[in-house]
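As structure tokens, the structure follows; a few thoughts come after it.
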Amino acid sequence: MKKILVPVDFSEHSEYALEVAASLAKTFDAEIVVLHMMGLSESTVNENESEEFAEAQYYMKLAKKRFELFLNRPWLKGVKINQMVQNYKVFSEINNISKEQDIDLIVMGSHGASGISEIFVGSNTEKVVRSSEVPVLVIKKRTEKFRIKKVAFGFDFEPKSLSAFKNLKKLCAVLNAELCLLYVNLPGIRFMSTEQMQAKTTEFLNLAFQGQEDQLPEVTYYCDYSIEKGIYNFAKETHADVIAVTTHGRSGLAHFFKGSIGEDVANHLDLPVIVTRI
């Protein structure tokens, strides 16, 4: 792991994410890229002779000054940091930065979301998760001496999830973390017999481990009333440090009606969550 991206809004939750990123950076001798998005209108930025342009320059300088205070933390001592202040408004642009900077992991703080506002607006974390091709580590609370030894990964074992699985497997190898695979069996029309579940997961793993079929990992089969509850309960039972899930990157009404396990879990659980996009 060489580069970690931390988008910040100078909030307390951004600090949580930065502290976790610092722990990872020290462990892997990695660089942290700290990004603040201004979100000013194009007219404000481009009208060179206008008062609006002067205002934009003022806010740009103010953001850079805020970095001086925000990054003045004892746990950042010795960590290589690259500061970025950009006038981005669309969170998908973070994915472009990840590509340009060769980012290996994005670490974000999340306040979570609930109620009617989540349906129409969603959190900034959701917006990044939907568009990022790089794994996103979501931090919900302060975690001192952060480490990842065990990752609980609940997903559907469908062929479309193969690339997400391989990305997470690669990340866990870099982190030297154990990847614990989980299939959540649900009641009703989605219920599967043990034989059916085993056949489905074995087919997927054979596809993922072509040429290494003798190294197939074990899968835990867990029954619960929702996938989110199953993943969370399994993580508690196994004392996992992090939950890992996948997301389809849906947005708008289609996202609301079809749902996204990755975003639901990232929003509503206190454990750190790694989200990889399908």
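Computed values, structure above
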{"quantity": "The stretch 147-174 residues that are hydroxyl-bearing (Ser, Thr, Tyr), paired with ones that are part of a loop (DSSP other than H, G, I, E, B) (beta carbon under 8 Å, 6 or more apart)", "calculated": "SER161/PHE155; SER161/ILE278; SER163/ILE278"}
{"quantity": "Unmet requirement for LEU62, which otherwise passes all of (1) modelled with pLDDT of 60 or more; (2) surrounded by 13 or more Cβ atoms within 10 Å (Cβ to Cβ); (3) assigned to a helix (DSSP H, G or I); (4) aliphatic (A, V, I, L, M)", "calculated": "(2)"}
{"quantity": "Tally of residues being farther than 22 Å from ASN176 by Cα, surrounded by fewer than 19 Cβ atoms within 10 Å (Cβ to Cβ) and under 24 Å from the mean Cα position of the chain (by Cα) across the stretch 225-243", "calculated": "3"}
{"quantity": "Residue, surrounded by the fewest Cβ atoms within 10 Å (Cβ to Cβ), within the stretch 139-171, restricted to residues that are touching a helix residue (DSSP H, G or I) at 6+ places or on another chain (Cβ under 8 Å), among the aliphatic types (A, V, I, L, M) and within 19 Å of THR27 (Cβ to Cβ)", "calculated": "ILE148"}
{"quantity": "Test: residue in the stretch 172-185 that is farther than 25 Å from ARG147 by Cα and surrounded by fewer than 19 Cβ atoms within 10 Å (Cβ to Cβ)", "calculated": "yes"}
{"quantity": "Extreme residue, surrounded by the most Cβ atoms within 10 Å (Cβ to Cβ), among residues of the stretch 201-224 that are assigned to a helix (DSSP H, G or I) and at pLDDT 90 or above", "calculated": "PHE204"}
{"quantity": "Conditions (1) within 20 Å of ILE274 (Cα to Cα); (2) modelled with pLDDT of 75 or more; (3) aromatic (Phe, Trp, Tyr): number failed by PHE67", "calculated": "(1)"}
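The values are calculated or read from the model by the stated rules, or taken from the named source; none is laboratory data. Being a predicted model, the structure only gives us computed values, none of them experimental. Cβ coordinates were reconstructed from backbone atoms using ideal geometry, including for glycine residues, and neighbour counts include every protein chain displayed.
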